[in-house]
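Shown next, in structure tokens, is the structure this report addresses.
The values are calculated or read from the model by the stated rules, or taken from the named source; none is laboratory data. Everything numeric here is computed off the predicted structure, so don't read it as measured data. Here Cβ is always computed from backbone atoms with ideal geometry, including for glycine, and neighbour counts include all displayed protein chains.
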């Protein structure tokens, strides 16, 4: 690809509920502070499905999903100092922010008060739609590129750019570590990384899953305990147990029951995003001075911190590598929980 080429191959959803299909999308020329990335791998996140199918509303079509991007720098603008051609890099869920608000200046670009620019299904500062990682190349401002350490293979690193930071951020923020009892709700694309990361941080880790079907996997990934939430005895046995619960599921949960699993001053941090509203009896929060919280990905500095942490601890995603022609099938398998534990697209097939 050269500066003269302004379109790249991609897979896009042409309309809500429509299957994704091969197409081309525009990419801007490499500007002064831009980085051109030859995409090698792109993870499939559950939120890709939500957005491609307009589950959260206001989708921009055609939509090229993908915010778990790993690749190689092939060109940089004259003002770029962060990376050079040949570097291994990643792009996560956002490609810009206002950079001036209180949150941006604090390294919390994900909570930009003007709204961050999502990697796809958004509008850039130039007013043009953003297109994600189900494509061969992407151009990104250097400020929103991440270095992928040599200790992680690019295919296993791709899901860390969303699933990894989404679980790392609440675990780090609420101080998961030695002496802390942490529960991870759901052992899927996010949950399996949450287990690995919490274990590496030194916490005592419990998986709360609908059934015991993945128990052996959970224990191998680093969980100390594994319970089925379909068994009412679980909520009785574990009442008042956890310092932190990180919920990774995108289905609405009976929050009152889960809040009952927390110790006094415990935190229930939700990173899953159900399409439907949930109900809550506030006495479940009041009793025990408990906190119901949310967390959304992480800032650029924290995401780099997460990548370095994962490399230092040998953490990558458990993946199933697929060709681009398998994306629609993969979407159905994600919805059926039939993946262990993250689909990753080989961008060479796009």
Whether any residue in the stretch 32-47 is assigned by TED's automatic domain parsing to the domain that holds residue 119, more than 23 Å from residue 154 (Cα to Cα) and part of a loop (DSSP other than H, G, I, E, B) is what I want to check. yes
From the list 121, 116, pick out the single residue that is at positive phi, in contact with a helix residue (DSSP H, G or I) (Cβ under 8 Å, 6 or more places away or on another chain) and surrounded by 23 or more Cβ atoms within 10 Å (Cβ to Cβ). 121
The number of residues in the stretch 178-205 that are surrounded by 24 or more Cβ atoms within 10 Å (Cβ to Cβ), free of Cβ contacts under 8 Å to residues at least 60 places away in the same chain and farther than 18 Å from residue 165 by Cβ is 1
When residue 69 is evaluated against the numbered criteria (1) without any contact (Cβ under 8 Å) to a residue 60 or more places away in the chain; (2) under 19 Å from residue 149 (Cα atoms), which criterion, by number, is the only one it fails? (1)
Looking for something surrounded by fewer than 16 Cβ atoms within 10 Å (Cβ to Cβ) and more than 25 Å from residue 243 (Cα to Cα) - is there at least one such residue anywhere in the stretch 279-289? no
Within the stretch 264-291, work out how many residues are in contact (Cβ under 8 Å) with a residue 60 or more places away in the chain and touching a strand residue (DSSP E or B) at 6+ places or on another chain (Cβ under 6 Å). 3
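Being surrounded by fewer than 22 Cβ atoms within 10 Å (Cβ to Cβ) and more than 27 Å from residue 22 (Cβ to Cβ) narrows it down to one of 326, 304, so name that one. Walk me through it before giving the result.
Working: 326 fails: more than 27 Å from residue 22 (Cβ to Cβ).
After ruling out the rest, the residue left standing is 304.
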Scanning the stretch 2-17 residue by residue, those closer than 25 Å to residue 346 by Cβ and at pLDDT below 95 turn out to be 2, 5, 6, 7
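Which of the residues belonging to the stretch 75-94 are buried (at least 16 other Cβ atoms within 10 Å of the Cβ) and farther than 16 Å from residue 43 by Cβ?
Going residue by residue through the stretch 75-94, those that are buried (at least 16 other Cβ atoms within 10 Å of the Cβ) are 75-77, 80, 82-83, 87-94.
Of everything in the stretch 75-94, those that are buried (at least 16 other Cβ atoms within 10 Å of the Cβ) and farther than 16 Å from residue 43 by Cβ turn out to be 75, 76, 77, 80, 82, 83, 87.
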Would you pick out the residues in the stretch 26-46 that are over 16 Å from residue 141 (Cα atoms) and buried (at least 24 other Cβ atoms within 10 Å of the Cβ)? 41, 42, 43, 44, 45
Elements of type helices (runs of 4 or more DSSP H) contained in the stretch 67-178, each with 3 or more residues being at pLDDT 95 or above, farther than 18 Å from residue 29 by Cα and more than 18 Å from the chain's Cα centre (by Cα): 102-105
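Please specify each residue of the stretch 262-284 satisfying the condition of being farther than 29 Å from residue 109 by Cα and either touching a helix residue (DSSP H, G or I) at 6+ places or on another chain (Cβ under 7 Å) or not assigned by TED's automatic domain parsing to the domain that holds residue 190 (or both).
Answer for the stretch 262-284, where residues must be farther than 29 Å from residue 109 by Cα and either touching a helix residue (DSSP H, G or I) at 6+ places or on another chain (Cβ under 7 Å) or not assigned by TED's automatic domain parsing to the domain that holds residue 190 (or both): 280, 281, 284.
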